[in-house]
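Below is one structure, written out as structure tokens, with a few remarks after it.
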Amino acid sequence: GCPKLTTTTSPQRHVPTWADLQPAAWRITPPFDFPSAKDATSASSTQTEQQQTPRFLRNNRSIMKICGACVRELPDGSYSEKQRGLRQSIRRCEECVTAGSRLVLMKKGRTRSEEDDCPICQLPIPLDVNEWMFKTCCMKRVCNGCILAARKRGMRDCPFCRASTPDESQALAMIQKRVAAGDPMATWHLGTKYRFGEYGLQKDTSRAVELYERAAELGVKGAHYNLGVLYDEGADVEEDTAKAIRHYEAAAMGGHVFARYNLGVMEGEAGNYDFGLQHILISAILGDDRSLNAVKTAFMDGLATKADYAAALRGHQSAIEEMSSPDRAEAKAMVSMGSMT
């Protein structure tokens, strides 16, 4: 199956399997019916022209505009308020705006950004949240491999900024000070603490949403993802699919793997199987195991091509290799045995 990732740790939601998905049949239908206009009593050429023109077009010629992309003459209502005021060459109807947005969505976020790299070894941070730690002293995510390498040298402090490990009260004070200074990552991190009621804070989803939105405005894709999950689940906030999709898209275009996966599941649920598969292919190529399994299932059920599956396998393997190192492998083994905390 292809459950959506509804938390930052492990997916919970179950959705129909790829075997249930059938290719959608698409057809283009005109946006309006065109009634005939006949006037047997008309004699002039102007009246004859009017007879051959749909009545609603005769009465509304002044609000018909041509889309600069599809070159169709459409009613004024087919354009957003912003697009109505543009000249014809750059004016776009809602359909073309949607198509263009999807094109941008599929082109952006196909690779992970540099901010996803460990600041010490410069390798991409593993997708598994158990394979890295967030350091409140410097607001950096450091991979377990680098933390283990530092401990082997007898250093128990932060391997990046060398600050000593603070207790919860000290960490909260450090975070709040950075939030007051406008630090994007600190703002996002404090939102997470309010969301789950950590560091001695009372659980407050409204405050968490406020902080997430502020962090999202400052460009933190993780904040967009968290907002997407909240509005998608409808837990402690009013469910709003449109908002969830908007935040998932913003996160996915920034290279957020789990947001991309969730978009794929949502497109599949909506019957847009081709778009859903495109999203899942991208997240598989970025190294997500669940996405690769989904592509494999789709291929076995005839919903993905052999080329799709081959590309997903190659991309996934490449991403896994980029995220791997001897120190990380050793640290992972220690975490699984409970000997590294």
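Pull up all non-local amide H partners of W132: gap of 5 or more, or a different chain, and H-to-H distance under 5 Å with H placed in the peptide plane.
Excluding prolines and chain starts, which carry no amide H, the hits are N144.
For a quick protection proxy, order the peptides 138-147, 260-269 by their average other-Cβ count within 10 Å, most packed first.
The peptides rank, most packed first, as 260-269, 138-147.
What residues qualify as long-range amide H neighbours of L74, i.e. H under 5 Å apart, gap of 5 or more or another chain, H built at 1.01 Å from N?
K65, I66, C67
Applying 1/(1 + (r/R0)^6) with R0 = 56 Å to the Cβ-Cβ distance of F196 and E73, what FRET efficiency is obtained, to the nearest 0.05?
Values: r = 54 Å, r/R0 = 0.96.
Efficiency computed from Cβ-Cβ geometry: 0.55.
For the range 166-255, which whole-number percentage of the solvent-accessible area (1.4 Å probe, protein heavy atoms only) is attributable to carbon and sulfur atoms?
48 percent
Thinking of the range 166-255 as a set of Cα atoms, what percent of all their pairs are more than 14 Å apart?
63 percent
Enumerate the residues in the range 218-260 having an amide nitrogen under 16 Å from the point lying 7 Å beyond the Cα of S113 toward its Cβ.
The answer is 218-228, 247-260.
Return the sequence-ordered ³J(HN,Hα) values of the range 206-223 in whole Hz as given by the Karplus equation 6.51 cos²θ - 1.76 cosθ + 1.60 applied to θ = phi - 60°, using x for Gly and Pro.
For the range 206-223, the Karplus curve yields 4, 5, 4, 4, 4, 6, 4, 5, 5, 5, 5, 4, 8, x, 8, 5, x, 5 Hz.
For the range 186-329, what is the Kirkwood hydrodynamic radius in Å, using each pair of distinct C-alpha atoms?
16.3 Å
Check which residues have an amide H placed less than 5 Å from R91's amide H, if you skip close sequence neighbours.
G68
Under the Karplus relation 6.51 cos²θ - 1.76 cosθ + 1.60, θ = phi - 60°, what is the ordered set of whole-Hz ³J(HN,Hα) values for the range 128-134, x standing for Gly and Pro?
5, 5, 7, 10, 7, 10, 8
Please work out the Cα convex hull volume for the range 94-184 and give it in Å³ per residue.
In the range 94-184, the Cα hull volume divided by residue count equals 140 Å³.
Is there a pair in K203/K243; K135/K221; K193/K221; K203/K296; K140/K296; K107/K203 whose C-alpha atoms are over 28 Å apart, and which pairs would that be?
K203/K296; K140/K296; K107/K203
Got a number for the accessible area of T111? Probe 1.4 Å, square angstrom, nearest 10.
Number for this one is 100 Å².
The values are calculated or read from the model by the stated rules, or taken from the named source; none is laboratory data. In this text, all values refer to a predicted model and were calculated from it rather than measured experimentally. Positions of Cβ are backbone-derived with ideal geometry, glycine not excepted, and every protein chain shown enters the neighbour counts. Keep in mind that these areas ignore ligands, DNA and RNA; they rest on the heavy atoms of the full protein, side chains included. Shrake-Rupley method; radii C 1.70, N 1.55, O 1.52, S 1.80 Å.
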